[in-house]
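The values are calculated or read from the model by the stated rules, or taken from the named source; none is laboratory data. All values reported here derive from a predicted model rather than from experimental measurement. Calculation scope for accessible area: heavy atoms of the full protein, side chains included, ligands and nucleic acids excluded. Shrake-Rupley method; radii C 1.70, N 1.55, O 1.52, S 1.80 Å.
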Amino acid sequence: WCTDCNTKMADGKEIDKLEHKPALVKAVAATAAKEGNIEYYYCENCGKYYSDEEGTKEIKKEDTVIAKLAPSVIEGNNAKIDKSSKDPVSFRSDASFADFVRVELDGKELVKDKDYTIKEGSIIVTLTPEFLATLPAGDHTLSIVSVSGTAKADFSVTADKVADTFSKEES
């Protein structure tokens, strides 16, 4: 029918109903970098999701998703850093690089490309030697903040031996 002039354009014919064929989608474990999913069935013909092979228990796509895990530091935790060293120090989170938000040290946000650099390989944060030289001796906590959570690493900075010797001579 033409909806503008209300005229019949042609006779239709009956077609067979599409066969319902839910296909198994295997479960995938979630990681800090990627969402996972439960095992479920998907029917390409009707575009619906099911929890059973027969396609009688419909679920929503959102019901199949397993959220990303909270990230953690997988390299650099418990590092011991010599303050007088001119070497950068790296920490690596297992979160997705695309999820990166910021870096904090002892609860204060650091400045990208000044205090640290970042690169892919999950998330690799490298503290610059110039920034490390400003840190007081003692224990510190580095936080790599991502969309899916915060990965924390503890590390300690040892005092600059030259500065320690100088300060003892002044006393």
Expected 222 nm ellipticity per residue - DSSP helices of 4 or more, -39500 (n - 2.57), all of the chain, to 500: -2000 deg cm²/dmol
Coordinate range along principal axes, alpha carbons of the chain, Å, largest first: 104, 41, 22
Mean accessible surface per residue for the chain, computed with a 1.4 Å probe while every protein chain stays in place, in Å²: 68 Å²
Nearest-ten-degree value, helix 161-170 long axis tilted from longest Cα axis of the chain: 40 degrees
The chain - percent relative contact order, Cα under 8 Å, separation 6 or more: 19 percent
Restraint check, Lys13/Lys61; Lys83/Lys114; Lys80/Lys119; Lys34/Lys60, Cα-Cα greater than 25 Å: Lys13/Lys61
Interchain or long-range residues, amide H under 5 Å from Lys48's placed H: Cys43
Exposure ranking of Phe91, Phe131, Phe97 by accessible area [1.4 Å probe, largest first]: Phe97, Phe131, Phe91
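Please report the equivalent ellipsoid semi-axes of region 1-73, computed as sqrt(5 x eigenvalue) of the Cα gyration tensor, largest first, in whole Å.
Largest first, region 1-73 gives 41, 17, 8 Å.
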From phi via Karplus (6.51, -1.76, 1.60), per-residue ³J(HN,Hα) for region 4-20 in Hz, x at Gly/Pro: 6, 10, 6, 10, 6, 8, 6, 7, x, 9, 6, 10, 5, 5, 5, 6, 7
Residues whose placed amide H lies under 5 Å from that of Val25, excluding near-sequence neighbours: Tyr40, Tyr41, Tyr42
Percent RCO, i.e. relative contact order, over region 1-93, from Cα pairs under 8 Å lying at least 6 residues apart: 21 percent
Accessible-area composition of region 39-141, carbon plus sulfur, in percent [1.4 Å probe]: 46 percent
